[in-house]
Structures are given as structure tokens and as C-alpha cells.
Amino acid sequence: MTKTSTARAAAPASSRPAAAAKSRSHDAAADFRQLAARALAQRSDGHSAEACLNAVAIASRTLLADRWALTQQADARRKGVRRVHYLSMEFLMGRALGNALAAIGMHEQVEAALPEGAPALGEVLEHEPDAALGNGGLGRLAACFLDSFASLGLPSFGYGLRYKHGMFAQHIQDGRQVEQPDEWLRHGSAWELPRHELRYPVGFGGTVVNEGGQRRWVPAQAVVAQAVDFIVPGHGTERVSTLRQWQAEAARPIDFPTFCRGEFASAGAHLQEAEALNWVLYPDDSTPAGRELRLKQEFLLVSASLQDTLARHLREFGDVHSYGRLNAVHLNDTHPAMAPAELMRLLLDEHGLGWDEAWKITSQAVSYTNHTLMPEALETWPVSLFEALLPRHLEIVYEINRRFLDEVRARFPGDDAMAARVSLIDEGAHGGERRVRMAALAIVASHKVNGVSALHSRLMVETIFADYAKLWPQRFINVTNGVTPRRWLEQANPGLSALLDKTIGDGWRADLSQLSELGAKAGQKRLGQEFMKVKLANKQRLADHIRRELGINVDPHSLFDVQIKRIHEYKRQLLNVLHVVARYQAIIANPSAHWTPRTVIFAGKAASAYRAAKLVIQLIHDVARVVNSDPRVGDKLKVVFLPNYSVSLAQIILPAADLSEQISTAGTEASGTGNMKFALNGACTIGTWDGANIEMAEGMDAVSPRKDGASNMFVFGLLTEEVARIKALGYDPRLYVEENRQLKAVLDAITGGVFSWGDPDRYRALVQPLLQHDPYLLMADFAAYVECQKTVDALYDEPTAWAERALRNIAGMGFFSTDRTIGEYVQQVWAAPAKR
Ligand code: 26V
């Protein structure tokens, strides 16, 4: 394999529309209108929003399907092109129609196609349910990647599962979270393109037999994976990408004789069993129940996707030997980490390759991104379960491990502890069960492993993966996350987009680094005023939404202080609440003093089994009830929890935020991507020196003319190394409470029942741990956080200075586009030849 052939391989195709495409556009517009009109005429429900949505989606899908065919033909012609396959259990896509119309430029056609009496386009768009097939940051990142794949013209496929129920719907009853199934497919999805020609068998269980020296897996259960495509439109290009999602179906129809005997349930039991694989998206920290189903889901994704890539490769090239050179298989976290074992099985058992060649191909193809340093979040599977479901894969894992540990022992002779630490098998010391370590499998099989921010990637090789980094230092790299500016600025914030277009031109959509041009203009008073006007309009829109949803009146002139993300102890929503309570107490102690009015807004879901996170949601509601109804407080402080956080809700909240809360304990948030979306929309950040906050602050300073070391971010709290040192010395949170009267008063109020109708027990499970272990150091960071919030108030009291700071934040965000992120993956991961 030559280096040039690989380097050429993953290079994005031209992303600008060809001249011929322009001349076709008139026909395309007419076709589009006709398609929409026909689809609408075929409906039985007149011109309802639902009908209009469906009709416009069908027209868009048809146009995109044509583009899909042209893209595939072009890629197949570019012999030697390396395709990227992004395997992910989660794609948090949100709504599709607004994005599609922006991408294909058919807004006007839709306005023309909607008949008299139909709802306005805005209302039609809001009728689309979110495709919430992801939990949070990891899934949304995958969705942003698809947008960049398409917009950069990268030959690529996203592979996922077609969950019937995505992220649960969050309802709030008496201040408590109640989960309901998400029924996003209730009315079908006009976007889906079932590919009935693409069906692959996927097995589970059974035995392994020897046939003339060749191992062969004979599964006990077999399902069929059916491909259902979602076409991802590119912006500024006619190229598209594909999200291919697998639907499991029974391999056999109902058992007819059984049915005829009247035993209906048992006649179709295997149908039910197959379809159950697609029932739900598992929340990230789920309970042990359903673990087997989860492992089956992961294998379904891996097996069907790899068979699909192999089939395409064989169709185009005729032989399997060049697979590794021409296919990148990327693992989004360890959820698809069974891929190397399955690829080895397919190459060894189905295609008859020898071990060495199969392993070379596998490691050329596979790469892996780690998304968390939390040791408890690193996936492992009990060997017993693994063996029962995937006996041939366990054999292969053992053989990979045997060869790997030989290499380790050769390089670190006598260091048995090292071999035990890096082994793919956790031998289950202290009576624990033996388990397969999926991160180890992913690392050993990959030619590149990356973290998602500079800090995270450094900590990854210094902590959880230190041993592997000693073995293969070149394998570990950083690729800092990003977000797509199309969804998160152009579509979410039309007002700010127009202001940017006027100020620096419209090139930022395809080249976000152009935002830096705003740096030199951030101090212009007129621009600052125009920015504040746009922000106020966005805040008014959110205030209207809050009034409609919750019946709470908030003042759009108050500082909108926002924390929206999954509820997790390490993200420290509780620290935010402690500040709110401190502020409330200070206000009622001195109501006539000057207070910068604030509206503190929360949104986020707690995993259904996560007690502490659910208690935080309840506490927010209890505090909100007391604060919002206290006449001494009035507009000085309001607290709002917006239920059922989602991509589309984020698109309303983010443009309206003044202050972005990114306050995780240093060293715990791998990157964060919400932090980037806020800053892009002109919110200032209050944050710890964690994840991508660090690079964001550096980006903002780089566009700042003042090089006096003053940060454009409100940074507070302990650094990662300080957190580690304090913990090593024996952290005692009580010392911080004893020293800080304000903190003590806050905790006393919560435990004294001030917010819980006098019930002192309600929040014991939240507050007690703060005084005992406080693993996320809320007590240690509280004073610095409250001080920092005072500097926020002071700046907000100076609108000109605030606007300048916000504009500088936007100017510093040029680096954080997924276009840049994907460019780095292409250069450093997907085009890189595997050097073993
Ligand atoms: C999962 C779990 C499960 C067990 C309990 C603790 C725990 C903690 C975290 C997680 C999240 C797992 C993976 C994940 O979603 N990571 C997120 O990935 C984003 C995209 O790279 C990144 O921006 C977020 O910082 C990171 O948390």
C-alpha cells in the first residue's frame, strides 16, 4: 500500500455545486412543488400541519434520494477512495425538515407549495417530532458529524440502530421527573427510505464447529437486519451523506401450523423477540436489567454494518484484500467495540483469510474515540454472557489477547502486573466475575485512539490508558470536538446570523474561522447595540415559551443564566442551585440593595435509575416554587426548569442565553459541546478549567487585542491537578462549610425544610454526601463560584462592555466547527496508514 493512495483516499470531494447542477435547479424547484402538492392531495386530513409536514418531507426526501444516487455513483467512480463508516449506537438528530430546506434551498418553494388555508411554514416545522436517538453529547456529536460529512463531501456512512422509542419523554409531576416512552414514529417517518435489498443475517448464541480445520459459528438464534436509510443533506453542495439504521426482523414468518391451532402468541414469539432489539435506546447509565438486550443491540449494529461495508467493497473491488486500505471503520466510544472481533470472524471464517492478513486489515480499518474518563463508564461484559451470546467472538478475543500479551511480555519482561492491567480480560480478582474489557479491545485493534479535547486526551494517556500509551505512544491523539454552525447558528439564530452576514459576510457557514474577523470589531458601540437587540428578541421569544409552557413570567431584560445538559453529579447542577439559594437568601436579607436581575434556567434529563440526579430535579422545582412566589424577590430572581430537554428545545434556549454554565469538576467533562453552542450564540461562559472550556478561552483570547492575560471567560475553581492533590491529601468538605457562613446557611436551609414544606428528610440523600465525601468538590469550589458570579453581575450592569465581551466570545469560536473536527479526523485518523 502506498502512502499516497491512502492519503488521497479519505480526502473530501469537491463541495461546491457544479454549473450543471445550477441549470437543473429550475426543474428541481418545479418538481419539488409538484411532488409536495401531489403528496398533499393524497392525504385524507386536508391541510393540517401534519399533512403539510408529511408532504414537504416526501418532496424533500425524493429530491435527496436523487442526490444520494448521484453521490454514490460519483464515489464508486473514484476508485481508490477510502470510505468512512461511523459506527454509533446514538445519533441525536433532532428535527430534519428545517435543516433539509436550508440545505436544499427550497424554503421559497415550500411557501409556494403550501396551499391557501394551510398553517404557516414555521408552524408546520414545529410539528415534526425530534429524532431523539441519543442520550446527550455523544449522540449529538455524531449528528453534527453527519452534517459535516455531507457538507464536506466526504464519502461516508453513519451506521446506527432504528430505535422505535428514542430518549424517553420527561414529564414533571409535583416537581419530580416521570419518564414516558418517546413515540416519535407514531405517525411514521416520511424521511425513511427502507432498502429492502439490503438485508443481512445476524446470529446469537449456539456453538462453534470445526469444518476441515476451519472454525464456523452456528448460531442458535438468527434475525435479519434490514437497512433503513436517512439521507443527510449537505449544505452548499449537492452531495449527501447517509445515516443507515438497522431494523431487526425475524428470519422466519409466523409459524403457520401453530397459528392455525389458535396459539397466536407462540406462533409469533420469534417476531416479537427480533423486534425487541429495536424497542428502546438505553439510557447511558442504565441498570443491570436489560444488559443482555443491550449487548445484542450492540452486536446487531456491528454485524450488520460490517457485512454491509464488506458487500459494498466486494461489489466495487471484487476482492477482500484491499478492504483495510479502502475502508475506515470508526468506533464512537466502546459501544460498537465488538467490531474488530466481528470483522476478524467475517474475514477468517467467511472469507477464508489467515490470521495475520485478517488482523492487518482489521487494524488498518478500525479507529476509536473515547468520550469519558469515568472508570465506571468504561464498558465490560461478563465472560459468561459473552460466551453464551457470541461464542466464536470470545474465541477470537482470546486469540487477540494471547498474541497481544505475548507482545507485552516481550516488551516488558517480568512485569506481570502490567500484563494483568492491560489484558482484554479482567480476571475478576476478589471473587468478581471475569469480564471482557471493551475499551482494551478497541485500543488493541485500532490504529488510532483519540480523546475529544486537549485536556481529556492528555488525561486519557496519563490515567485510564497510561499503560497502553506506554506501549504505543503514537496511537493516541487528540481531536477536539466541534458543532455544526448550520444547525446551531444559522438555523437556531436567524437574527444573529443576519447580523454576522452584514458585519463579516456570509462565508462563516462553510468556514467558521471567518468569525475571527469579528474580533477587531467587537468594541464598536453600534455593533454592540445591534447584538443586544438581537439577543433581546431571542430572550423575548424564550420568555413567551416559558409563559406558555409553565405559566411563569420572566423579564427578558434580566440576565438569562442557563444550564442545560444531562443531569449528572459531575456536571454539578447542584452547585448552581446552591448559588441560587445563596442569592435568594442575600436578596431577602437586603431587598432594597441593587441586585442584577437574573433568570436561572435549567433543562435536562436524569437517567431513570439515577436517584441523586432525580433529586436534583426535584430540588430545582422546590427552590423555584419558593423563590418565584416570594414577594420580596420579585423580578430580582426567577428560577425555571424547562421539561423534556431536546435538540429542538435547545434551538430555542441557546440563542436567548446571556450566561452559559459549564461548571463540571475540573478533569471530569471530556469536552462538552453545549459550551460551544452557547458561545457561538453570544453567551458568556462561567466555567471551570475543564474539557473544551480551556480551548474556548484560548480561542477567545487569541482574537482579543488586549493581551493582558485577562480572560474573556468567567473562570473559577480548582484545576485538575489541584483536585487530584486535595483528594490525595484527604479532602474534608466539612472544613469548607465551617469556614463559610454563607455556605452553611444554604445547606441549613435545604436540610431544614425551607424548600420542602418543612420536610427535613427530602434532601438528606443529596446534602449528606456533600458533607462526607463530596466526590465532585462542590464545597471546595462554592466560594470561588459565588465570587465569580458577582463579576458576572458587574459586567452585565454595563451593557456596552457586556456586548463587547459576548462578541469576542463569538469571534473566538472559529475553531469549534465540526468541519474542522472532521478535517482533522480525515488527516490524522481516517487517511492515516496503519503503522504497526
Ligand atoms: C456515562 C456514564 C455512565 C456510568 C456513570 C457515569 C457516566 C459518566 C458519563 C457517561 C457518558 C459517556 C459518554 C459520553 O456521552 N460522553 C460525552 O461525549 C461528548 C462528546 O464527545 C462530550 O462532549 C462530553 O463531555 C462527554 O461527557
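Values in this text are rule-based calculations from the coordinates and carry no lab data. This one's a predicted model, so the numbers in the text were calculated from it and none came from an experiment. Cβ atoms come from the backbone with ideal geometry, glycine included; neighbour counts cover every protein chain shown.
Below are the figures for this structure:
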read-out	value
Calculated FRET efficiency for the pair Gln34/Ala794, C-beta based, R₀ 56 Å, to 0.05	0.40
Residues with amide H under 5 Å from that of Leu161, placed H, sequence gap 5 or more	Trp246
Inter-site label distance for Ala609 and Ala220 at 7 Å from Cα along Cβ, in nm	2.4 nm
Helix-only [θ]222 nm of the chain, DSSP H runs n ≥ 4, -39500 (n - 2.57) each, per residue, nearest 500	-14500 deg cm²/dmol
For the range 145-185, the fraction of alpha-carbon pairs in successive 10 Å shells from zero, as %	25, 25, 27, 17, 6
Antiparallel %, DSSP beta bridges [both residues in the chain], to 5	45 percent
Longest exposed-site-free window of the chain, the sites being GluC sites (Glu not before Pro) in a DSSP loop that have at most 14 other C-beta atoms within 10 Å	434-836
Part-to-part distance (alpha-carbon centres) for the range 736-777 and the range 415-436, which is given in Å	40 Å
Which of Arg487, Arg78, Arg239, Arg526 has the fewest Cβ neighbours within 10 Å, and the rest in rising order	Arg526, Arg78, Arg487, Arg239
Dimensions in Å of the range 440-579 - Rg and Dmax from alpha carbons	21.3, 59
For the range 134-246, alpha-carbon Rg and Dmax in angstrom	19.3, 67
The range 466-482 versus the range 89-116: alpha-carbon centroid distance in Å	39 Å
Long pairs among Lys525/Lys677; Lys539/Lys571; Lys164/Lys360; Lys571/Lys638, criterion Cα-Cα beyond 27 Å	Lys164/Lys360
Candidates per trypsin sites (Lys or Arg not before Pro) in the range 673-735, loop by DSSP, up to 13 other Cβ within 10 Å	Arg706, Lys707
Whichever aspartates and glutamates have a C-alpha closer than 17 Å to that of Lys614, once near sequence neighbours (fewer than 8 apart) are set aside	Asp174, Glu179, Asp284, Asp285, Glu569, Asp622, Asp761
Value of D in µm² per second that Stokes-Einstein yields for the range 241-378, Kirkwood Rh from Cα pairs, at 4 °C (1.567 mPa s)	74 µm²/s
Fraction of the pair-distance distribution of the range 322-361 above 15 Å, Cα-Cα pairs, percent	40 percent
Stretchable slack from Arg252 to Ile588, in nm (0.36 nm times residue separation minus alpha-carbon distance)	114.0 nm
Cross-link partners of Lys636 among lysines (Cα-Cα below 16 Å; sequence separation of 8 or more within a chain)	Lys790
Cα-based Kirkwood hydrodynamic radius, the range 207-252, one decimal, Å	14.1 Å
For the range 371-426, the spread of Cα positions along each principal axis, largest first, Å	35, 30, 17
Calculated P(r) tail over 20 Å for the range 647-738, as whole % of Cα pairs	45 percent
Ellipsoid semi-axes in whole angstrom, largest first, where each is sqrt(5λ) of the Cα gyration tensor of the chain	42, 34, 28
Interchain or long-range residues, amide H under 5 Å from Val232's placed H	Ser241, Thr242, Leu243
At 1.306 mPa s and 10 °C, Stokes D of the range 537-587 from Kirkwood alpha-carbon radius, µm² per second	124 µm²/s
P(r) histogram, all alpha-carbon pairs of the range 401-444 included - 5 Å bins from 0, percent	5, 23, 30, 23, 14, 4
Spherically averaged projected area in nm², based on the convex hull that wraps the Cα atoms of the range 329-402	5.4 nm²
Spin-label model distance (nm) - Glu549 vs Glu275, 7 Å beyond Cα toward Cβ	3.3 nm
Overall dimensions of the range 68-213 as given by Cα atoms, namely Rg and Dmax in Å	20.1, 72
In sequence order, calculated HN-Hα J values of the range 330-342 (Karplus, 6.51, -1.76, 1.60; Hz; x Gly/Pro)	9, 9, 7, 6, 8, 4, x, 6, 6, 4, x, 5, 5
Extension gain from Lys533 to Lys744, taking 0.36 nm per residue of separation minus the Cα-Cα distance	71.9 nm
Reachable lysines, given that their alpha-carbon falls under 21 Å from the alpha-carbon of Lys470 and they are not under 8 places away in the same chain	Lys448, Lys835
Proxy reagent accessibility, fewest Cβ within 10 Å first, across Cys52, Cys788	Cys788, Cys52
Phi to ³J(HN,Hα) by Karplus 6.51 cos²θ - 1.76 cosθ + 1.60 over the range 405-411, Hz, x for Gly, Pro	5, 4, 5, 4, 5, 5, 8
Net length gained if the chain between Ala801 and Leu185 were fully extended (0.36 nm per residue, minus Cα distance)	217.0 nm
Sparse-neighbour loop sites [trypsin sites (Lys or Arg not before Pro); the range 240-336; at most 14 other C-beta within 10 Å; DSSP]	Arg261
Binned Cα-Cα distance frequencies in the range 715-811 - 10 Å width, integer %	14, 33, 27, 20, 5
Cα gyration tensor shape of the range 52-140, rounded if a/c is under 1.5, else prolate or oblate by comparing a/b with b/c	oblate
Rg to Rh, two decimals, where the range 162-314 supplies the alpha carbon set and Rh follows Kirkwood	1.04
Cα centroid separation - the range 368-382 against the range 503-524, whole Å	38 Å
